[in-house]
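Single-structure report; data block below.
The values are calculated or read from the model by the stated rules, or taken from the named source; none is laboratory data. From a predicted model like this one, the values you see are computed outputs, not experimental measurements. Using ideal geometry, Cβ is built from the backbone for each residue, glycine included, and neighbour counts are taken over all protein chains shown.
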């Protein structure tokens, strides 16, 4: 069993809508938004902002410079929050303002980056109904990708993705979502109904339920990741309830890493009892290029998170992150100025949680592992 396990974590990966339209197998572009009826409108916005886009692009195009960074760091497990349905369904969820979908034949854009686990507990996986969720699970699992946080039943939605490591050991990924991130209550999986693993609140009772799931499925030596879609799109502060819940997951539920997402920008990181809590990873890939209104948050900037865990003790051994920028519908290495900007945001917000962040000479950032 490997003593040290390195993970790659990132925030929302939105391969639907405009991005789907530039991939080799674009789906129907029809949308039902108040301001757009075609996914091609988002391609046009990006081209007006940054110049013409080649169409179609290859499956690896969207990952850009992230692929070289992944090859250099060789993480043992790669985990993303996949914020789109993978379906050709035309049954849009009624009353919902935004619907993401990617054509199932574009799934190689995920396997080309050797993604291990797609977390599906988010506010877009059922955009095209329960039939769209069925298609999503079928397409991802058929491509050999693990999923967490959604399923055909409650038990399936709450079950962890179990990723075996070469040489022994496992990484378990549990996915959950909350209404605060825009998930409708009706999306909650039940015993007979497909849906997402839904958290109705952040109470001690919910912690106890999660602790029981972890006890039932984990064993000594497992690295346990709790991935949660929570909070609004534009929000830096960590609420007392969020912080208490994350601490309780570590104290009482056997969780080693809390992987938070939903915010469109980077939030702070806390190291609590030698366990990392990423409160909001920010968007990693989306089709928002050219949309104005929240520039001060720098939503175009993101981080590739690389925590290294001791599989025996569950403690954090090292934690670095690499600044990236979304441009032309792909992930690029951030410039020196952009890297400094996102590093300042991470350092400022993490300092409020007691975590020190230092920028390195190669442009990456190092999070101090002692809390």
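Here are the numbers for this structure:
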| quantity | calculated |
| --- | --- |
| All helices (runs of 4 or more DSSP H) inside region 66-150 with 3 or more residues being modelled with pLDDT under 95 | none |
| Search result, residues across region 345-371 that are out of contact with any helix residue (DSSP H, G or I) (no Cβ under 8 Å at 6 or more places or on another chain), surrounded by fewer than 20 Cβ atoms within 10 Å (Cβ to Cβ) and in a loop (DSSP other than H, G, I, E, B) | 352, 354, 360, 361, 362, 364, 368, 369, 370, 371 |
| In region 182-201, the residues that are surrounded by fewer than 20 Cβ atoms within 10 Å (Cβ to Cβ) and more than 17 Å from the chain's Cα centre (by Cα) | 184, 185, 186, 188, 190, 191, 192, 193, 200, 201 |
| Which numbered condition residue 342 misses (of (1) over 26 Å from residue 15 (Cα atoms); (2) crowded, with 19+ Cβ neighbours inside 10 Å) | (1) |
| Total residues in region 166-181, condition assigned to a strand (DSSP E or B) and surrounded by fewer than 18 Cβ atoms within 10 Å (Cβ to Cβ) | 0 |
| Hits in region 270-298 (condition: part of a loop (DSSP other than H, G, I, E, B) and in contact with a strand residue (DSSP E or B) (Cβ under 6 Å, 6 or more places away or on another chain)) | 274, 279, 280, 281, 282 |
| The one condition in (1) closer than 15 Å to residue 127 by Cβ; (2) in a strand (DSSP E or B); (3) in contact with a helix residue (DSSP H, G or I) (Cβ under 9 Å, 6 or more places away or on another chain) that residue 10 fails to fulfil | (1) |
| Breaking point among (1) assigned to a strand (DSSP E or B); (2) closer than 15 Å to residue 346 by Cβ; (3) within 18 Å of the chain's Cα centre (by Cα), for residue 267 | (1) |
| Count of region 96-106 residues which are closer than 22 Å to residue 288 by Cβ and touching a strand residue (DSSP E or B) at 6+ places or on another chain (Cβ under 7 Å) | 3 |
| Unique residue being surrounded by fewer than 22 Cβ atoms within 10 Å (Cβ to Cβ) and at pLDDT below 95 when the list is 295, 332 | 295 |
| Restricting region 218-230 to residues that are crowded, with 16+ Cβ neighbours inside 10 Å and more than 13 Å from residue 278 (Cα to Cα), the residue that is nearest to the chain's Cα centre (by Cα) | 224 |
| Of all residues in region 152-165 being farther than 26 Å from residue 192 by Cα and in contact (Cβ under 8 Å) with a residue 12 or more places away in the chain, the one that is surrounded by the most Cβ atoms within 10 Å (Cβ to Cβ) | 163 |
| Within region 312-329, tally of residues that are surrounded by fewer than 24 Cβ atoms within 10 Å (Cβ to Cβ) and either assigned to a loop (DSSP other than H, G, I, E, B) or modelled with pLDDT under 95 (or both) | 5 |
| For residue 258: the one exception among (1) more than 15 Å from residue 272 (Cβ to Cβ); (2) crowded, with 17+ Cβ neighbours inside 10 Å | (1) |
